[in-house]
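Beneath this line is the structure, given in structure tokens, with notes to follow.
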Amino acid sequence: MRYERLKATTARFGLHTALLAVAFSPACTTPGDDVEYSETTHEISVTGGCSTSVVRGLSIQIANEVDCMSPSSLVRLEQSAGVKFTSSAVLPYMHSTARTDLVKAGNSARVLVNSGYRTVAQQYLLYRWFREGRCGITAAALPGRSNHESGRAVDLQNWSSRVTTMRNHHWSHSVPGDPVHFDHLSSPDIRGRDVKAFQRLWNRNHPSDKISTDGVYGPQTAERLKRAPATGFAKGATCGAVHRVLEVVQVEGPDLVAPGARAHYALTITNNDVADWPAGTRIAIADGTANALYDADSWTSPTEVGTLVEAIPAGGQGVIDLDIVAPMVTERTAVSADLALIAGTTTVATIDLAVTVTPDGDADTSADVGDDLEDIGADDGLADEDGVMPSVEEGGCQSTRGGGAGLALVGLALLALRRRRR
Ligand SMILES: [Zn+2]
């Protein structure tokens, strides 16, 4: 029970949210630069993690706004028997026709999705981690430029046995050096619309600080992104986006965990229901079976995690803290816990928690592997010395695993190499 405490509740659409910068290592920040706190931000714990799920709430708003701008360009991609997510970093959106074909492929042979649609907020983090030599990011496109911002890209954990199936459903497997990656080329490439969506959201929430809504990632946008609320703005998309009864707006915890290791997750959830979720609401495995992520030290039983100790009011937010222990596996394995919130005998909402258990020595890296080098846009990457992004030298950042700056410099060398090849 002590692990399932409810740490904080805030008013619906409250301003007191963790800012985008919370995911950066404290060692990589300077006061007044990357970390900015609203007055109650400390209620949400700050970590130096490697999962883009820390900006999930903001990313959902951006995805919804993109769909407002051009309907069907991004629709919700729900998990099913044939489509499983391998971590909480997977944002559940995709172009409608790409989604249709992915679901068909999955129904033919189950696909395990490492990464799908990414927003400019997620790419902003990946680009920063890449520049800082963190999180196992081998290459990252500038925000606005990643092929995962196209709405028609997916990375599969089980790619090697799914190439034919995916091809049979119009998914191209043709990016050299990026075997996990597939593109649905008959869907439109909507790169940049996420940038425009962010700009529109920013202006809606900051009428006295409006920026150009040109869809171009530049210094103005970068500066606002840095200060954007990770769990979402007070005012989200305007065209009637469907709110789920429970929306997970932030996950603080690893995408990848080593076999046998314990991991902690803080799930910030929004209660979009008309009723409060009372104290004592049970958090249990939805199908009632013993779960592989069971932590004997903190869970009530293998089928039950614990209970809410404080109510989450209708329209409010709360944070659920829980620990898991990764099962002993000898190969990369995606494991999930589909949690049900049960008030009395009624299931009021569900949460899908997913993690990849890795014996490959890459625990605590990002599930979003690097972008295709051809997609990086080397000229733009080098041109950002105009102040869009702090340089490695300015940041003076050292990876906690060592050699961070060196890795980042390797990245810069690759960019330079590519520039010369042009
Ligand atoms: Zn990819």
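The values are calculated or read from the model by the stated rules, or taken from the named source; none is laboratory data. Computed from a prediction, not measured in an experiment: that's the story for all the values here. Glycine also receives a Cβ, built like all others from the backbone with ideal geometry; neighbour counts cover every protein chain displayed.
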### Task
Determine whether the range 110-119 contains at least one residue that is more than 15 Å from the ligand (Cβ to nearest atom), more than 23 Å from GLN61 (Cα to Cα) and surrounded by 21 or more Cβ atoms within 10 Å (Cβ to Cβ).
no
### Query
Would you call GLY133 touching a residue at least 12 places away in the same chain (Cβ under 8 Å), touching a Gly at 6+ places or on another chain (Cβ under 6 Å) and part of a loop (DSSP other than H, G, I, E, B)?
yes
### Message
Please go through (1) assigned to a helix (DSSP H, G or I); (2) hydroxyl-bearing (Ser, Thr, Tyr); (3) within 13 Å of the ligand (Cβ to nearest atom) for SER174 and return the number of the only condition it doesn't satisfy.
### Response
(1)
### Query
Just for the range 59-81: of the residues that are in a loop (DSSP other than H, G, I, E, B) and touching a strand residue (DSSP E or B) at 6+ places or on another chain (Cβ under 7 Å), which one is surrounded by the most Cβ atoms within 10 Å (Cβ to Cβ)?
LEU74
### Query
In the range 259-301, what count of residues is obtained for those that are in a loop (DSSP other than H, G, I, E, B) and within 30 Å of VAL242 (Cβ to Cβ)?
15
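From ARG262, ARG227, grab the single residue that is under 30 Å from ASP321 (Cα atoms) and at pLDDT below 95. Quick ask: steps written out before the conclusion?
Values: ARG262 fails: at pLDDT below 95.
Of ARG262, ARG227, the one residue that is under 30 Å from ASP321 (Cα atoms) and at pLDDT below 95 is ARG227.
Conditions tested, residue by residue: (1) on the phi < 0 side of the Ramachandran plot; (2) buried (at least 19 other Cβ atoms within 10 Å of the Cβ); (3) within 16 Å of the ligand (Cβ to nearest atom).
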site: GLU310; (1), (2), (3): yes, no, no
site: GLY315; (1), (2), (3): no, no, no
site: LEU322; (1), (2), (3): yes, yes, no
site: VAL325; (1), (2), (3): yes, yes, no
site: THR330; (1), (2), (3): yes, no, no
site: PRO359; (1), (2), (3): yes, no, no
site: THR365; (1), (2), (3): yes, yes, yes
### Query
Filter the range 164-175 for residues that are farther than 17 Å from MET94 by Cα and touching a residue at least 60 places away in the same chain (Cβ under 8 Å); which is farthest from the chain's Cα centre (by Cα)?
ASN168
#### Entry: Sole residue being surrounded by fewer than 24 Cβ atoms within 10 Å (Cβ to Cβ) and under 22 Å from PRO229 (Cβ atoms), chosen from PRO143, PRO92
PRO92
### Message
Please go through (1) at pLDDT 95 or above; (2) within 17 Å of the chain's Cα centre (by Cα) for ILE137 and return the number of the only condition it doesn't satisfy.
### Response
(1)
### Residue selected from the range 367-395 under the condition crowded, with 17+ Cβ neighbours inside 10 Å, small (Gly, Ala, Ser) and in a loop (DSSP other than H, G, I, E, B), by the criterion modelled with the lowest pLDDT
GLY377
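Just checking, which of SER150, SER212, SER146 is over 20 Å from the mean Cα position of the chain (by Cα) and either within 24 Å of ASN64 (Cβ to Cβ) or within 12 Å of the ligand (Cβ to nearest atom) (or both)?
SER212
Residues checked against (1) under 24 Å from PRO92 (Cβ atoms); (2) surrounded by 20 or more Cβ atoms within 10 Å (Cβ to Cβ); (3) touching a residue at least 24 places away in the same chain (Cβ under 8 Å); (4) not hydrophobic (A, V, I, L, M, F, W, C):
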{"site": "ARG204", "(1), (2), (3), (4)": "yes, no, yes, yes"}
{"site": "THR213", "(1), (2), (3), (4)": "no, no, no, yes"}
{"site": "VAL216", "(1), (2), (3), (4)": "no, no, yes, no"}
{"site": "LYS226", "(1), (2), (3), (4)": "no, no, yes, yes"}
{"site": "GLY240", "(1), (2), (3), (4)": "yes, no, no, yes"}
{"site": "VAL245", "(1), (2), (3), (4)": "yes, no, yes, no"}
{"site": "VAL248", "(1), (2), (3), (4)": "yes, yes, yes, no"}
